[in-house]
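To start, the structure under review is shown below, and the notes come after it.
Each reported figure results from applying straightforward, stated rules to the coordinates on display, with no laboratory input. Note that this is a predicted model, so its numbers are computed, not measured. No Cβ is skipped: glycine too gets one built from the backbone with ideal geometry, and neighbour counts run over all protein chains shown.
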Amino acid sequence: MATRHPHTGAPQRWHSLLEWRALAEIAALPLAWPLLGSTPQGDGQPVLLLPGFMADESSLVALKRFLRSKGYAVQSWGLGRNVGFHPGHAQALLRKVEAVRQQSGRTVSLVGWSLGGVFALHAGLSLPGAVRQIVALGSPVNIDVAAGSQSPALIQAVYRWMVDPRGPQVHADQPHARALREHRLPAMPMSCLYSISDGVVPPQEATVDGDPARFENIRVSGSHTGLGFNAMVLAVVADRLAQPEGQWQPFKPAGWRGLMYRSVTHAAVPI
C-alpha cells in the first residue's frame, strides 16, 4: 500500500521559519538545469499546471518552461490567482480540462502545487475520462476532518481573512474531500510529492493511503514555497509524466539519479 506519512500535528516550527530557503532553491535551479536535460523526454501530451494558494500563473514559470522543453503541451489554469477552493473556480477548471481534452484529443495530466493539487484531485474525481494522471506537489489532499487543518497558524489566519472564516478546513467539506474520506480515490494514477521539512503543509496531509498500482507518495527535499523551482521536484515530475499512457509504474529512481535521490532524501525507497 501507498501509506500516509505517520507525522502528526503541524509542521515543525523551525521548518516554517526556514521557508525563506526557497530563495536558495530558486537561485540553484540554473546550476542544476543542465542535469535536468537528462530526464526523460515527453510524448507531447497536454499538461495543465495549477498554482498554489495566493499564487498565480507567474509562480509556474519554471515548471512551464522545463516541461515545454521536454516536449509537453503545457498550459496553466487561466483563472488568475488561486484565492481558495471556490466552487466557481472548481467548475471553471472542469470546463478547462474538458476543453483541453477535446482540443488535443488526448487525456490531460494535471500538476498541482499546494492548493492547486486539491483542485487537481477535484478534477480527477469529477472527470475520470479526461484526466490521465495527477501529480500533487505538497498538496493538502488528506486533511483529517476531526483534527482540522494542521497548517501553521499564520497560513490559517490568511485563509480565514482572504477566503472563508473556517480557514483551510473549508475544502475538507467539499464533495471531493468527502470522497477521500469514503476511500474513493480517483481512477487514474496519482503521485503525491511531499517534504518532511515542508513548513506549510505537514507530510500526513500531503500523502495518501492507496493501492500502489495507482497511488504513491514520493519524498523530496526542500521547502514548500520552493517546490515549483526545486530541481529534484522537476526531475521527479518529468519522470512521472514520461510514462506511457496505461503503463503507469511506481517511482523507482535508478542509476546516478537514483543514487542522488536516495542520498539527498535519506530514503532507500520513496516513502
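Here the extension length gained between Val83 and Leu17 equals 21.5 nm, from 0.36 nm per residue of separation less the Cα-Cα distance.
Put in order of Cβ neighbour count within 10 Å, fewest first, the listed residues Ser104, Ser151 become Ser104, Ser151.
Annotation: amide H-H contacts under 5 Å for Asn217 (H modelled 1.01 Å from N, sequence separation of 5 or more, or interchain): Thr3, Cys192. Taking every alpha-carbon pair within the stretch 1-59, the share separated by more than 16 Å comes to 74 percent. Each residue in Asp43, Asp198 was given a count of other beta-carbon atoms within 10 angstrom of its own, and listing them fewest first yields Asp43, Asp198. Between Ala28 and Ala92, residue separation times 0.36 nm minus the direct Cα-Cα distance comes to 19.5 nm.
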